[in-house]
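For reference, the structure discussed in these notes is given below.
The values are calculated or read from the model by the stated rules, or taken from the named source; none is laboratory data. What you see is a predicted model, and the numbers here were worked out from it, not measured in a lab. Cβ: placed from backbone, ideal geometry, glycine included. Neighbour counts: every protein chain shown.
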Amino acid sequence: MEQTLIIVKPDGVQRGLVGEIIARLERRGLKLVGLKLMQITRELAERHYEVHRERPFFAGLVAYITSAPVVVGVLDGPRAIEVTRATVGATDPVKAAPGTIRGDLGLTIGRNLIHASDGPETAEREIGLFFRPEELVSYERAVDGWIVEE
């Protein structure tokens, strides 16, 4: 099993799309093992977006992600990173396929509703930024055998 981080960004929270976004990921078969509503501090935002520090859009990213509450979650499942990113869709909602979260619900890159880790190392780093190990819950679901073949 693999884990990945998602952030329902301020636009998703403000538009009341948290439930729909999380439901789409759960319907794919991914399991929530951590979830919280929070206000991201400037310091945490800068650490999260550290790889973009030298890019011209860095300040705008930090200002935006700290502008309102977000919902942060950890998803678990086989190929969780790849499945999540496919469900989320392309960064630019105009280029995102219909049926994806961004393709159905987003209009612009700057308000694209959700962040999803892009690889195993990134997911591990990002999960560590937002969750302490004891905040993640390991459990079996009765439906798991109908979602994942052994």
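Structure notes:
- Residue within segment 7-30 that is in a strand (DSSP E or B), at pLDDT 95 or above and either surrounded by 15 or more Cβ atoms within 10 Å (Cβ to Cβ) or among the small types (G, A, S) (or both) present: yes
- Whichever residue in segment 79-94 is closer than 30 Å to E149 by Cβ and among the charged types (D, E, K, R) and, among such residues, is surrounded by the most Cβ atoms within 10 Å (Cβ to Cβ): R85
- Selected residue [exposed (fewer than 12 other Cβ atoms within 10 Å of the Cβ), in a helix (DSSP H, G or I) and among the hydrophobic types (A, V, I, L, M, F, W, C)] from A63, A142, A97: A63
- A single entry from T66, T100, T87, T108 fulfils the requirement of being farther than 23 Å from E26 by Cα, at pLDDT 95 or above and either among the acidic types (D, E) or in contact with a Ser or Thr (Cβ under 8 Å, 6 or more places away or on another chain) (or both): T66.
- Scanning segment 100-110 for residues that are touching a Gly at 6+ places or on another chain (Cβ under 9 Å) and either exposed (fewer than 15 other Cβ atoms within 10 Å of the Cβ) or not in a loop (DSSP other than H, G, I, E, B) (or both) yields I101, R102, G103, D104, L105, G110.
- The set of residues in segment 72-128 being closer than 21 Å to M38 by Cα, within 13 Å of the chain's Cα centre (by Cα) and of a type in the set (K, R) is empty.
- Cβ pairs under 9 Å, 6+ apart, first in segment 91-120 and within 11 Å of D11 (Cβ to Cβ), second of a type in the set (F, W, Y) and surrounded by 15 or more Cβ atoms within 10 Å (Cβ to Cβ): G110/Y64; R111/Y64
- Selection within segment 21-55 - within 20 Å of P10 (Cβ to Cβ), touching a residue at least 40 places away in the same chain (Cβ under 8 Å) and within 13 Å of the chain's Cα centre (by Cα): I21, I22, R24, L25, G34, K36, H48
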